[in-house]
Amino acid sequence: MSLAVLCFYTFPLVILAYSLIRRESKLSFRLSAIYLGAFTGLVMAIGPVLDEINYVGLFLALIGSLGVAGNMIFGALAVRHCNPIAASLHTSLLQAVGTLIVLFGLGNIALPDTGSGWEGLTFATLFYALGITLMFVALVRISAVKAAITYNIEPLISILLAILLLGERLTALQWAGALTVITAIIVAALFRSNPPPTHKE
């Protein structure tokens, strides 16, 4: 599973590659160091296991990576012409329709059957809605390239919650990886870049 997580978090590299191809960003030593440093830190922090590899799972994780990259790339274009809240709403509605089509197509819909299950589903939905909305708001102010790098902190938050809630312990290598990711994010935040043009109403 850790390898699938790592494959999924290649989407910042996909966004960087797209930006370089479109010449929206210029390749520099600092930019390369930020992205490679963040990804290297994730490898250290997650510690992927290579003993048993499920290639279908890896393929789906990579598809998910491309999906998130596309969401951020085209989301950055959308907020230039419309309100970010509206862009978030339309995106979420399209995602909901697509998800329902897949679920009904597979015939594998399983709703929670306990109170704690419904509580988890409710909070997961609310936090997702908050996260995706704030992402679109952020894309008004910063580029997709700069926004994507901050997403590397997601697995670190998951690891922190596992420590606090499940009592897991990290190795020295994992702590070093987490520190590397955080350092890369801080450097990226300090890295000056022109914000994308915004739509004025």
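The values are calculated or read from the model by the stated rules, or taken from the named source; none is laboratory data. The structure displayed is predicted, hence computed values, not measured ones. A quick note on method: Cβ atoms are made from the backbone with ideal geometry, for glycine too, and the neighbour counts reach across all protein chains shown.
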Determine, yes or no, whether Thr91 is of a type in the set (Ser, Thr, Tyr) and over 24 Å from Leu13 (Cα atoms).
-> no
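Restricting to helices (runs of 4 or more DSSP H) lying wholly in segment 1-115: which have 2 or more residues that are of a type in the set (A, V, I, L, M, F, W, C) and free of Cβ contacts under 8 Å to residues at least 24 places away in the same chain?
Working: elements: 2-8, 11-21, 29-46, 55-78, 84-106.
Per the criteria, 11-21, 29-46, 55-78, 84-106.
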So, of the residues in segment 140-180 that are within 23 Å of Arg22 (Cα to Cα) and without any contact (Cβ under 8 Å) to a residue 60 or more places away in the chain, which turns out to be nearest to the chain's Cα centre (by Cα)?
-> Thr150
Of all residues making up segment 172-187, the number that are under 15 Å from Ile157 (Cα atoms) and buried (at least 18 other Cβ atoms within 10 Å of the Cβ) = 6
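Name the one entry in Gly47, Gly41 that is in contact with a Gly (Cβ under 9 Å, 6 or more places away or on another chain) and on the phi > 0 side of the Ramachandran plot. Steps first, please.
On the way: Gly41 fails: on the phi > 0 side of the Ramachandran plot.
Matching residue, one of Gly47, Gly41: Gly47.
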Positions within segment 92-115 being exposed (fewer than 10 other Cβ atoms within 10 Å of the Cβ), within 22 Å of Phe127 (Cα to Cα) and modelled with pLDDT under 85, in sequence order = Ile109, Ala110, Leu111
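Do you know which residues across segment 41-86 are of a type in the set (Ser, Thr, Tyr) and over 16 Å from the mean Cα position of the chain (by Cα)?
Tyr55
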